[in-house]
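Every number in this text was worked out from the coordinates using simple rules, so none of it is lab data. All values derive from a computational prediction rather than experimental measurement. No Cβ is skipped: glycine too gets one built from the backbone with ideal geometry, and neighbour counts run over all protein chains shown.
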Amino acid sequence: MEIVIRPTPSEVSTTVADIVERYVRRGPATLGLATGSSPLGSYRELARRHRESGLDFTDARAFLLDEYVGLPKSHDQSYFSVIRSEFVDHVNLDPERVLSPNGESPTIAEEGARYDAAIAEAGGVDVQLLGIGTDGHIGFNEPGSALTSRTRVKTLTEQTRLDNARFFDSVDDVPHHVLTQGLGTISEARHLVMIAFGKGKAEAIAAAAEGPLAAFCPASVMQLHPHVTVVIDEAAASKL
Ligand code: GLP
């Protein structure tokens, strides 16, 4: 695991954009996209490079990490919509080539296996961006998630619903269930890139990188992966 500590969040975003750009320039790339605030600066930087230096996403495709269950795709807080408005609409990545778990599927119990099959059919993910929850969750794999888990329905903890209430009118509007790539699914991406800023993430980063490999810190699954880059600012690195 390589840990890159940058002085500021904007330099973290530049470093992450450099990594993604390398994959996009190398040929048809399959990107793993994450929601949450941590990757937003990297998405903005990639959009700037597309506008100003013609970084070309024509041959790229992408898979999202997770999605709320029961929220229509058209809802502005569905992760499908968030990735569209924060990233896809600002680059020339074909929206048809950006797939997300279908949180409205009438056969939701089978959706996880369908999604994993679609990722496999695309040849797997080349580079997976990841944020981290303050409790060490990645995607929506809350503490206690099996390290080998596949894409499936999960129930959000009250803490994660409260954390995400800022995006909704009230906490009552935050869905209780989600579809998330499992820790096993995420680990199949060939390169994991974790992004974190701020003191609030310092404990989770220390537990993920240096704590015991354990289901109570889902992000610790990265310790088993052969190619991980953790890109963080000094505050998020303060407990390493
Ligand atoms: C949500 C997302 C995660 C994300 C986390 C942290 O739970 N499902 O993918 O990592 O939020 O978000 P932020 O980057 O805003 O701190």
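Taking amide H as placed 1.01 Å from N in the peptide plane, Glu142 has no amide H partner under 5 Å among residues 5 or more places away or on another chain.
Whole-Hz Karplus values for region 135-141 come out as 8, x, 6, 10, x, 10, 7 Hz, taken residue by residue from phi with 6.51 cos²θ - 1.76 cosθ + 1.60 and θ = phi - 60°; glycine and proline positions read x.
Fraction of C-alpha pairs exceeding 19 angstrom in region 1-63: 30 percent, rounded to a whole number.
3J(HN,Hα) couplings calculated from phi for region 188-199 with the Karplus curve 6.51 cos²θ - 1.76 cosθ + 1.60 (θ = phi - 60°) are, in sequence order, 7, 4, 6, 9, 9, 10, 9, 10, 8, 10, x, 4 Hz; Gly and Pro show x. Can you compute the helix-only [θ] at 222 nm over the chain? Use -39500 (n - 2.57) per DSSP H run of at least 4 residues, normalise by all residues, nearest 500 deg cm²/dmol. -9500 deg cm²/dmol, from helical runs alone.
Farthest towards the positive end of the charge dipole of the chain, among the residues Phe80, Ala237, Ala120, is the Cα of Ala237, using unit charges on the Cβ of Lys, Arg, Asp and Glu.
When the alpha-carbon atoms of region 1-154 are used, the pair Rg, Dmax equals 15.5, 47 angstrom. Distant-in-sequence amide contacts of Gln128, defined by a placed amide H-H separation under 5 Å and a gap of 5 or more residues or a different chain, comprise Gly32, His191, Leu192, Val193.
Listed values for region 207-213 are Karplus-derived 3J(HN,Hα) couplings in whole Hz (6.51 cos²θ - 1.76 cosθ + 1.60, θ = phi - 60°), namely 5, 5, 8, 10, x, x, 6, and x replaces Gly and Pro. Result for the chain in a Gaussian network model with C-alpha springs under 10 Å: among Leu224, Leu213, Leu65, the largest mean-square fluctuation is at Leu224.
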